[in-house]
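What follows is a short report on a single structure.
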Amino acid sequence: MPLTMTQSEVLLVDDNPADIDLTTEVLGRSACPPRIRSVIDGMEAISFLRHEGRFADAPCPDLIVLDLNLPRKDGRQVLGEVKSQPDLAKIPVVVFTTSEASSDVNRSYELGANSYLRKPGNLADFQAAVASMAGFWLGVAILPYKEKQ
């Protein structure tokens, strides 16, 4: 079956409204802008991915951008759950967080993260990091093909 070009779906999991807005803005300027959905904590992320409650009609994302430090259920727990479920495990997960701790980097990769990016502290570098992430994951990388549901 031939692949057709469709707009990518990105799930952005972050509890910082400013980071959500800025990441959404930069992703929207990509060569092929994705549809972006955002949730503010780990519990909402899991509900979104399991199509539960208000997320019953949520699309399956092509890419998850995940902060580690989240309320209710942290990003490490979310990452572990996503990568342990066969129907979700193939979705690439980019950890995008402020932590540079080697323990966070190592643990994220152990849990199955596809890449780990540190959120820069200044606007220009933050925008460049998001643009690079978008260029690779939404422009160059070949993402898993999703069957129509």
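The single condition among (1) surrounded by 12 or more Cβ atoms within 10 Å (Cβ to Cβ); (2) part of a loop (DSSP other than H, G, I, E, B); (3) free of Cβ contacts under 8 Å to residues at least 24 places away in the same chain that Ile142 does not satisfy is (1). Would you call Phe96 outside any loop (DSSP other than H, G, I, E, B) and at pLDDT 95 or above? Spelling it out, Phe96 is indeed outside any loop (DSSP other than H, G, I, E, B) and at pLDDT 95 or above. When you check Ser132 against the structure, is it of a type in the set (S, T, N, Q), crowded, with 20+ Cβ neighbours inside 10 Å and in a helix (DSSP H, G or I), yes or no? No. In this structure, does Val82 turn out to be touching an Asp or Glu at 6+ places or on another chain (Cβ under 7 Å) and either closer than 27 Å to Arg107 by Cβ or touching a residue at least 60 places away in the same chain (Cβ under 8 Å) (or both)? Considered against the rule, which asks whether it is touching an Asp or Glu at 6+ places or on another chain (Cβ under 7 Å) and either closer than 27 Å to Arg107 by Cβ or touching a residue at least 60 places away in the same chain (Cβ under 8 Å) (or both), Val82 comes out as no. Scanning the range 1-54 for residues that are over 16 Å from Val93 (Cβ atoms) and part of a strand (DSSP E or B) yields a total of 1.
Taken together, the residues in the range 74-93 that are among the acidic types (Asp, Glu) and either under 11 Å from the mean Cα position of the chain (by Cα) or in a loop (DSSP other than H, G, I, E, B) (or both) amount to 2. Of the residues contained in the range 139-147, one or more are found to be of a type in the set (Gly, Ala, Ser) and modelled with pLDDT under 95.
The values are calculated or read from the model by the stated rules, or taken from the named source; none is laboratory data. All of these numbers come straight from a predicted model, not from anything done at the bench. Counting neighbours? That spans all protein chains shown, and the Cβs are built from the backbone with ideal geometry, glycine included.
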